[in-house]
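Report on the structure given below.
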Amino acid sequence: MHRGGGGCARGLRWPAASGIAVSASARFPHEIRRTATLAAPLVAGHVSTGLIGFVDSTIAGRHGTLTLASVAVGTGLFWLPMMVPMGTLMSMPPSVSHLDGAGRRGEIGPLFRQALWLAFALGLLMFLFLTFVPLALAPFGIAPDIIPGATAFLHGIRWGVPALTCYLAMRYLAEGLHWTLPTMLLGGGGLLVLVPLGYVLTFGAFGLPELGAGGLGIASSVMMWMQALAFAVVHAKAPRMRDIRVFGQFDRPRWTTIRGLLATGLPIGVTVLMEGGLFIATALLIGRLGPVPAAAHQIAINVASLCFMVPLAVAEATTVRVGHALGRRDPAGLRRAALAGYVIVLLTQLMSAIVLLAGNHALVRLYTHDAQVAALAASLLLYAAAFQFPDGVQVLSAGALRGLKDTRVPMGLAAFAYWGVGMPLGATLGLGLLGNAPWGPRGMWLGLIAGLTVAAVLLCGRFARSSRPERVARLAPGETAR
């Protein structure tokens, strides 16, 4: 399947037969600086997004245990399916960077307007899903006293989903053009809206009623609309976007363009859903083991998720850099961009692993004073340290492949790694499904490590194969790899 790959380090050498003269020693440090500069605001933006869940949980927890439980259920039912439209719209950065690298900036505006139609349609589908999914809460076995609050949260947040999907389209347009600062600023600005508004609507103040979990859903919707409108103003007014004429005219939906975005984006959405589903399914299975394992897992996975924000941002920056090099038909530059991403990710993951190994007990003390929970969570952070490297490599490889618009085969590889290896192994070890003594959460985390490691090897090998100069030469900007 991966003939000639031979691993990342071997596969990323620049072939002498490519005919492209490249001074690696001179250009590689510059490539690392460009990637790091692109990624830094994205890290801040992702952390801001992650803090939305923290803010919701904090406000809900202060309102009451029932409100917290309702928001937890509602948040899970919102973000898991939301991964599909988010992933689908990730087809924008490589498409935009291809055109930019090829000197075809005049085609970016029309492409974006078609992506906006797609984003709005995906937002409406999510709106319908969030309208009717509360009807399934009782059959799912959700406690009856949680259902009203979870329903109110979902019905409140659904109004902001079309704004969120349009915001993502505008964000990915900017990122495809190497402009990541708005992601950071608008992400932080969203928190400044959510914190006071969420508190007021949850508890009731200034003459407004106390809405509990539903208030947090409405506050999130308001935040999403404000972020989307602010991004629209930025695109309309920014001098660097003037030649693209983002909103310069009205275009009707064109199925051929939208179909191209879906061909690249839907496999990304399914891949992201499968990875997120792996972690959510792991949490649900650990929840069957009792409150102490569930609490310890939640602490450890929260810390690990914050660490993941860095390689995720570097992967998104690498998508843009690889896509730009592909657009200008530069195979050596394309592999140099990917190699820069790998170097940055390995360094940042090394730092994360050291922090998790040396500071696991100190980190856990920030979350709990329960001795049982703290001891188990601290041990799970050692497993989290072990999967820092495969986790970084797999997400970086996926990002580099998106830059090539190679998404269908990676989707199959990810499905095998996560659900063919990681979940079966984790469930077998953790729950003792084959008659073995159950290892509990540690067994489930070994499954995560195995799944991420297999994904890292397969996706890295796939990029080494897909980025061969002879294959790159056959890809025109906008074409999907096979």
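Things worth noting here:
- Only Cα pairs under 8 Å and 6+ residues apart enter the sum, and on that basis the relative contact order of the chain stands at 23 percent.
- Near W117, once Lys and Arg are set to +1 and Asp and Glu to -1 for all other residues with Cβ below 13 Å from its Cβ, the sum equals +3.
- Directionally averaged projected area (region 341-482, Cα convex hull): 10.2 nm².
- Distance between modelled label sites at T256 and A121, nm, 7 Å Cα→Cβ extension: 1.6 nm
- Expressed as a fraction of 2.2 N^0.38 Å, the value expected for a compact globular protein of N residues, the C-alpha radius of gyration of region 234-345 is 1.54.
- Put a plus charge on the Cβ of each Lys and Arg, a minus charge on the Cβ of each Asp and Glu, and nothing anywhere else: the dipole of the chain about its Cα centre is then about 1800 debye.
- 15 Å beta-carbon shell around R105, net charge (K/R +1, D/E -1): +3
- Rounded FRET efficiency, nearest 0.05, which uses the C-beta distance separating A138 from H30 and R0 of 56 Å: 0.45
- Formal net charge of residues neighbouring G392 (Cβ-Cβ distance under 14 Å; K, R +1; D, E -1): -3
- Shown for the chain are the DSSP H helices of 27 Å or more along their axis, judged by Cα atoms, with a mean Kyte-Doolittle hydropathy of at least 0.5: 65-89, 108-132, 181-203, 213-237, 255-287, 291-327, 331-365, 441-466.
- Stretch gain in nm, segment R365-E470, where the contour uses 0.36 nm per residue and the Cα spacing is subtracted: 32.4 nm
- Note on A437 and Q372: the model spin-label points, each 7 Å out from Cα along the C-beta direction, lie 1.9 nm apart.
- Span per principal axis, largest first, for the Cα atoms of region 51-161 (Å): 58, 27, 19
- Spatial separation of Cα centroids for region 299-331 and region 164-218, in angstrom: 23 Å
- Counting all C-alpha pairs of region 8-472, share separated by more than 42 Å (%): 15 percent
- Helix-only mean residue ellipticity at 222 nm for the chain, each DSSP H run of n ≥ 4 adding -39500 (n - 2.57), per residue, nearest 500: -26000 deg cm²/dmol
- Global geometry of region 379-428, whether rounded, prolate or oblate, following the gyration tensor of its Cα atoms and the 1.5 cut on a/c: oblate
Values quoted throughout were computed directly from the atomic coordinates according to the rules given, and no laboratory measurement underlies them. Just so you know, these numbers come straight off a predicted model, no measurement behind them. Glycine also receives a Cβ, built like all others from the backbone with ideal geometry; neighbour counts cover every protein chain displayed.
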